[in-house]
């Protein structure tokens, strides 16, 4: 796995000033004026409330200091004038920044226009306040004097808009990183998404580590690098790189609910050298923990700068870490599922080979042995057994090809299920010489393909066991539809199980037949029963739900 490096940005032609001006003016059409007028007026009310509160507190203080009401009133008037002259513009400026920031952050578009227009409305409101409380004629403010109230609040609105743009840009980067991580198919894709969207100028490496050993509380004591993103090619950051608590003591200080920012200059000599060997003078260690509290890995963000990451940058990485933990855990579960699927496929192939090829080979051997015995004296019998052996060999070859293709049994591809069972019984009776019949009870219902395959294979296996072991004269296969359940019964009048040679499954000398049947039936949520009495035959019964939760 190769370490990915940051791609060099492709230069593009800078838009002309006229183009940018047109685009900026076009944004004016997106402005919602209610979000300009009311916030601008709100700035004026905020100013009045704050300044009024300050004047009230000042007046309360003076009323205690001065015993004379006349002196108090005069001092309050002077103080109110000073507060209104110097404090009110400051309060209005700060309130405009705050209100413009909130509005622009909420709207997300045309933020510069919102900031400037809110500043104009708040400046107009401030002028009207001065006219109202100072007794200045209103017409005096509707000339060039009014323009003196606009620059400061417009500048304040622009500051609020710029601040909101930065916050929105960060939110956009976090969103894009989140989207890329959600669709990341590998650990390398995860760190690439983080690096491309969230890495700042002083971030040089981002590492994703798996936990090799855990100590108290699940805290990692040894980690191995799964994947790394680097701003510059760095051969030291290769998958398989390991850190241990012996050389990297910071691992012992990790807590599942808190990131850890370290600076190499403040670490013991051994750990300092360990980090500096990796080109890092500071690092951010973020535990990757699922909502259930399981440690799934460690995310590291390193920098050659000794001062570490800013608080806002650290928060961005911490925000995305929760999703990284979920995606990494999901990738682990997917890998386990693939391994389980491979194991199940092996088991399926083993069952298919046993149910088809093994039975076919057994039949071929039996026919060849019978032909060999009849060869010296009975030419017709010999030819009949050879023909049946040849036919069985061809059928087995066709079945082998279908097993490889993972298709349903050919019989079910071309024949309704109940007729397929009936044909199996007829063919078995013809080859074995045992009288057999097939019966259906209840109203026939459609079955899941895997239910059909399981019942077909089970009937073949049960009949094969009767032929090999039961010494039966008659057999009966019954398919019963009972509400939401389908039942397959295979009965014979043979010697029963007591005279069987001891075998793991009690039915086949190979020890696999009944086990394979049991696995098939259990996987589909059904049950298998075997009843037998010495000298009174054997009954095998399988019940399966018609609507089955088939395991993949």
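Worth pointing out:
- Considering the conditions (1) in contact (Cβ under 8 Å) with a residue 24 or more places away in the chain; (2) on the phi < 0 side of the Ramachandran plot; (3) in the same structural domain as residue 533 (by TED's automatic domain parsing), residue 426 is excluded by exactly one of them, (1).
- Within the range 466-494, the set of residues being farther than 16 Å from residue 521 by Cα and touching a helix residue (DSSP H, G or I) at 6+ places or on another chain (Cβ under 6 Å) comprises 467, 472, 475, 477, 492, 494.
- Restricting the range 474-499 to residues that are over 23 Å from residue 420 (Cα atoms) and surrounded by fewer than 17 Cβ atoms within 10 Å (Cβ to Cβ) leaves a set whose member that is farthest from the chain's Cα centre (by Cα) is 499.
- Only one of the numbered conditions (1) out of contact with any helix residue (DSSP H, G or I) (no Cβ under 6 Å at 6 or more places or on another chain); (2) in contact (Cβ under 8 Å) with a residue 12 or more places away in the chain; (3) in the same structural domain as residue 214 (by TED's automatic domain parsing) is violated by residue 315, and that is (2).
- A residue that is in a helix (DSSP H, G or I) and modelled with pLDDT of 85 or more occurs somewhere in the range 20-35.
- In the range 172-187, the condition of being at negative phi, in contact with a strand residue (DSSP E or B) (Cβ under 6 Å, 6 or more places away or on another chain) and at pLDDT 85 or above is met by at least one residue.
- Filter result for the condition that a residue is crowded, with 21+ Cβ neighbours inside 10 Å and over 16 Å from residue 298 (Cα atoms), over 177, 227: 177
- Of residues in the range 188-198 being touching a residue at least 60 places away in the same chain (Cβ under 8 Å) and surrounded by fewer than 23 Cβ atoms within 10 Å (Cβ to Cβ), the one nearest to residue 320 (Cα to Cα): 198
- Scanning the range 291-306 for residues that are under 20 Å from residue 331 (Cβ atoms) and in contact with a strand residue (DSSP E or B) (Cβ under 6 Å, 6 or more places away or on another chain) turns up 295, 296, 297, 298, 299, 300.
- All of 370, 420 fail the test of being more than 28 Å from residue 489 (Cα to Cα), at pLDDT 80 or above and part of a helix (DSSP H, G or I), apart from 370.
- Single residue of 479, 447, 463 found to be in contact with a strand residue (DSSP E or B) (Cβ under 9 Å, 6 or more places away or on another chain) and either modelled with pLDDT under 85 or assigned to a helix (DSSP H, G or I) (or both): 463
- Qualifying residue in the range 505-517 (condition: at pLDDT 80 or above and surrounded by fewer than 21 Cβ atoms within 10 Å (Cβ to Cβ)): no
- Subset of the range 525-544 (residues that are surrounded by fewer than 17 Cβ atoms within 10 Å (Cβ to Cβ), assigned to a loop (DSSP other than H, G, I, E, B) and either at negative phi or outside the structural domain of residue 460 (by TED's automatic domain parsing) (or both)): 533, 534, 536
The values are calculated or read from the model by the stated rules, or taken from the named source; none is laboratory data. All figures in this text were calculated on a predicted structure; none of them were measured in a lab. Cβ atoms come from the backbone with ideal geometry, glycine included; neighbour counts cover every protein chain shown.
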